[in-house]
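These notes concern the structure reproduced below.
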Amino acid sequence: MSLASEVRIRRATPSDALPLREILHDTYGNTWLPQLTPVAAQAFRDEDRPATYVAERGLEFWVAEYSGQVVGFVDWDADFVNALHVRSENARMGVGSRLIDRAEAEIAKAGFSTARLETDTFNTRSRAFYAARGYREADRYPDTEWKSGLTTLLLVKSLR
């Protein structure tokens, strides 16, 4: 039995705040930090972006729970997937697929014909994951969030 088949997908609760922040710090350290300028990395630490994000949107998240622990989450608004994060030790085990399946199903159920999201050009693992799921590049533009010279890709998938 795969990890993904043993994962329970559910709405986030207030008690999930700490593990959600930990997941964001984990994926930041393993994915983003190596790409950022020292100034951008310091700003991330100073602003504690994971705490702010979880405080603002955390109860909108759907989480993946395995053996009583939150191992990932997905967040979307309307047809736009804001975030999909899986704890690095649980990556490539089907958790992300389960989470994005939920998001796409809910987006379609809300009447949207497409799902949209962003990733960056350097993130080849993310790009491959979304391409395998049918997402296609619709645009690219400077990533202004990190102020590190990165390029963001807008990816779109038809849900029909």
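As an exercise: evaluate A108 against (1) in contact (Cβ under 8 Å) with a residue 40 or more places away in the chain; (2) assigned to a helix (DSSP H, G or I); (3) touching a helix residue (DSSP H, G or I) at 6+ places or on another chain (Cβ under 8 Å) and give the number of the one condition it does not meet.
(3)
Any idea how many residues of the range 6-45 are among the polar types (S, T, N, Q) and in contact with a helix residue (DSSP H, G or I) (Cβ under 9 Å, 6 or more places away or on another chain)?
Counting residues in the range 6-45 that are among the polar types (S, T, N, Q) and in contact with a helix residue (DSSP H, G or I) (Cβ under 9 Å, 6 or more places away or on another chain) gives 4.
Looking at the range 22-48 only, could you name the residues that are more than 21 Å from I100 (Cβ to Cβ) and in contact with a Pro (Cβ under 6 Å, 6 or more places away or on another chain)?
If the condition is that a residue be more than 21 Å from I100 (Cβ to Cβ) and in contact with a Pro (Cβ under 6 Å, 6 or more places away or on another chain), then H25 is the only one that fits.
Need the failing condition index for P142 against (1) farther than 13 Å from L84 by Cβ; (2) in contact (Cβ under 8 Å) with a residue 12 or more places away in the chain; (3) touching a Ser or Thr at 6+ places or on another chain (Cβ under 8 Å), just the number.
Result: P142 passes all but (2).
Of A40, A17, which residue is assigned to a helix (DSSP H, G or I), at pLDDT below 95 and surrounded by 13 or more Cβ atoms within 10 Å (Cβ to Cβ)?
Going through A40, A17 in turn, the sole match is A40.
Here's the yes/no breakdown for (1) surrounded by 13 or more Cβ atoms within 10 Å (Cβ to Cβ); (2) out of contact with any Leu (no Cβ under 6 Å at 6 or more places or on another chain); (3) aromatic (F, W, Y); (4) at pLDDT below 95:
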residue	(1), (2), (3), (4)
R102	yes, yes, no, no
A110	no, yes, no, no
L117	yes, no, no, no
Y130	yes, no, yes, no
E137	yes, no, no, no
P142	no, yes, no, no
K147	yes, yes, no, yes
L154	yes, yes, no, no
S158	no, yes, no, no
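The values are calculated or read from the model by the stated rules, or taken from the named source; none is laboratory data. Just so it is clear, the structure is predicted and the values come from calculations on it, not from any experiment. Cβ sites come from the backbone with ideal geometry, for glycine too, and all protein chains shown count toward neighbours.
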